[in-house]
Amino acid sequence: MSEKKHILDYDTVALDDENRALVIIDQTQLPYHTEILHLTSQKQIWEAIYKLQVRGAPAIGVAAGYGVYLAAREIQAESYDDFCRQFKEASAYLNSSRPTAVNLSWALKRMEKVVDDSRGRSADEILALLKAEACAIQQEDIDTCRRIGEYGLSLVKPGDGLLTHCNAGQLATSKYGTATAPMYLGHERGYNFHVFCDETRPLLQGARLTAYELKDSGLNVTLICDNMSASVMKKGWVNAVFVGCDRVAANGDTANKIGTSVVATVANYYHVPFYICAPTSTIDMNTPTGEQINIEQRPAEEVTELWYQKRMAPEGVDVYNPAFDVTDAGLITGIVTEYGIARPPYTESLKAIMEKKAKEQV
Ligand code: MRU
């Protein structure tokens, strides 16, 4: 009998090039069913992102990179210009699946640049370059998360209580996660953290995904409802909060899963340091402040009936269901990137981080 695979032994996102498929774990079925999906059409890939079968900003970027490469494989073009046009159409289609996480458009722009720089190349050469770029996006995500983990770990000490919201774990990335990277690295080094994990209404990414992956990895994790963060902070059980992000504006305002700004406000009140773990792919220097971030609105049913045996709200009631909120930069103690930790004032420190990245990439 084969032993049950650990959830983190599966790739969150993978390419099956031979079968022209994007391979993902269907995250809407976790933790009880580990269903692996092989997505071959652009519509299936678009829907998987929209329905959160693959979710989390970095994982969406990786999925989009492979997705648009697969689209390119299907293009029948009469000329380079025709190929470019069809490729950009496919890219725009995938980009329309979710609006808030900038990683989606960031990854697609990288893929488009490969095509833009390829005039004069054969179709086979362009496809090979597109595949290499998509693989690089995934490999960089792994390296980035590990580096974020090292910087994050420098902010805490053995035995600390940590709190996280939503899932910025391995299931949201290619490995380690962002907010969970310091937790995993600390666990490997015997830090013995105690992690409080918000369940994260309405889609329960904290309960279904973060609690699952941390527990399955042997970490000490306690699940709490979203309205309990003040209780555990007041008791002094939390030494630091680590969360992920979907878009960081140039001034440090940060969009992340709905409820993050509540945690940040509570942490501020109880003087608990609040850290955003942000790959530079999630920092959007073209968005000046959180005011300009497009917040995804999702169906009312996610609030009124999903997960319940029967509907829990009166028929016809108005529902407001934004998927993300923006945490004001003033509530953020530090933004942990793969190029170091940005501190207030973020307008300057994020600029310095992006300059450091640009220099290292030369
Ligand atoms: O709606 P989701 O599940 O895609 O939201 C995910 C989050 O808010 C994560 O915290 C964020 O994408 C960072 S993942 C490293």
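The values are calculated or read from the model by the stated rules, or taken from the named source; none is laboratory data. Bear in mind that the values here come from a model prediction, so they are computed numbers and not experimental data. Note that we place each Cβ from the backbone using ideal geometry, even for glycine, and neighbour counts take in every protein chain shown. To get the accessible areas, we keep the full protein, side chains included, count just its heavy atoms, and leave off ligands, DNA and RNA. Shrake-Rupley method; radii C 1.70, N 1.55, O 1.52, S 1.80 Å.
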Reported to the nearest 10 Å², residue 115 has, with a 1.4 Å probe, an accessible area equal to 0 Å²
Once amide hydrogens are built 1.01 Å from N within the peptide plane, the residues lying 5 or more places from residue 283 or on another chain with amide H under 5 Å from its amide H are 248
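Full-extension gain between residue 309 and residue 33, please, as 0.36 nm times their residue separation minus the C-alpha to C-alpha distance. Present the calculation step by step, with values, prior to reporting the outcome.
Values: separation 276, 0.36 × 276 = 99.36 nm, distance 1.85 nm.
Extending this stretch completely gives an extra 97.5 nm.
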For the chain, the longest principal axis of the Cα atoms and the Cα long axis of helix 123-153 enclose an angle in degrees, to the nearest 10, of 10 degrees
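For the chain, with all protein chains present and a 1.4 Å probe, just round the carbon and sulfur fraction of the accessible area to a whole percent. Don't skip to the end; give the middle numbers.
Working: 8130 of 16130 Å².
On the chain, the fraction of accessible area on carbon and sulfur atoms equals 50 percent.
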Shape call for the stretch 163-214, from the Cα gyration tensor axes a ≥ b ≥ c (a/c under 1.5 means rounded, otherwise prolate when a/b beats b/c, else oblate), comes out oblate
Residue by residue through the stretch 158-168, the couplings from Karplus 6.51 cos²θ - 1.76 cosθ + 1.60 with θ = phi - 60°, in Hz, x for Gly and Pro, are x, x, 5, x, 10, 10, 9, 10, 6, 10, 10
In this structure, among 51/359; 215/310; 43/351, pairs with alpha-carbon gaps over 32 Å are 51/359; 43/351
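Pop the C-beta distance of residue 189 and residue 78 into the FRET formula with R0 = 51 Å and round what comes out to the nearest 0.05. Please report the intermediate quantities before stating the final value.
On the way: r = 57 Å, r/R0 = 1.12.
The computed FRET efficiency comes out at 0.35.
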Quick calc, residue 271 & residue 351: beta-carbon distance into FRET formula, R0 25 Å, rounding 0.05, result 0.35
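Probe of 1.4 angstrom, ligands and nucleic acids ignored: what's the accessible area per residue over the stretch 117-171, in square angstrom?
Numbers: 2340 Å² over 55 residues.
For the stretch 117-171, the solvent-accessible area averages 42 Å² per residue.
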The relative contact order of the chain, taking Cα pairs under 8 Å that sit 6 or more residues apart, comes to a percentage of 15 percent
Residue-normalised value, i.e. accessible area per residue, for the stretch 188-328 at 1.4 Å probe, in Å², stands at 45 Å²
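What trypsin sites (Lys or Arg not before Pro) in the stretch 103-166 are in a loop by DSSP, with at most 12 other Cβ atoms within 10 Å of the Cβ? Show your work: numbers first, answer last.
Numbers: sites: 109, 110, 113, 119, 121, 131, 146, 147; in loops: 119, 121.
Sparse-neighbourhood loop trypsin sites (Lys or Arg not before Pro): 119.
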Any residue on another chain or 5+ positions along whose placed amide H is under 5 Å from the amide H of residue 201 is listed here as 226
For residue 195, other-chain or 5+-apart residues with amide H closer than 5 Å (H placed, Pro excluded) are 162, 220, 221, 222
Averaging 1/r across every pair of distinct alpha carbons in the stretch 139-271 and inverting yields a Kirkwood hydrodynamic radius, in angstrom, of 14.6 Å
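Sort 326-334, 205-213 for me by packing, meaning the mean count of neighbouring Cβ atoms within 10 Å per residue, highest on top. If you can, show how the numbers build up before the last one.
On the way: 326-334: 21.0, 205-213: 25.0.
Result, highest mean Cβ count within 10 Å first: 205-213, 326-334.
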In a Gaussian network model of the chain with springs linking alpha carbons closer than 10 Å, the residue among 150, 305, 18 that fluctuates most is 18
With x for Gly and Pro, the residue-by-residue ³J(HN,Hα) of the stretch 94-108, computed from phi through the Karplus equation 6.51 cos²θ - 1.76 cosθ + 1.60 at θ = phi - 60° and given in whole Hz, is 5, 5, 7, 6, 8, x, 8, 5, 6, 4, 4, 6, 4, 5, 5
Once phi for every residue in the stretch 222-228 is put through the Karplus expression 6.51 cos²θ - 1.76 cosθ + 1.60 (θ = phi - 60°), the whole-Hz ³J(HN,Hα) values, with Gly and Pro written as x, are 10, 7, 10, 6, 4, 8, 10
For the stretch 1-115, dividing by residue count, accessible area per residue (probe 1.4 Å) in Å² works out to 46 Å²
If every Lys and Arg gets +1 and every Asp and Glu gets -1 at its Cβ, then about the Cα centre the stretch 94-244 yields a dipole, in debye to the nearest 20, of 320 debye
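Normalised by the number of residues in the stretch 22-98, what is the relative contact order in percent for Cα pairs under 8 Å and 6+ residues apart?
31 percent
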Computed, not fitted: 222 nm per-residue ellipticity of the chain from DSSP H runs ≥ 4 (each -39500 (n - 2.57)), nearest 500, equal to -12000 deg cm²/dmol
Lys and Arg at +1, Asp and Glu at -1: neighbours of residue 273 with Cβ under 14 Å from its Cβ sum to +1
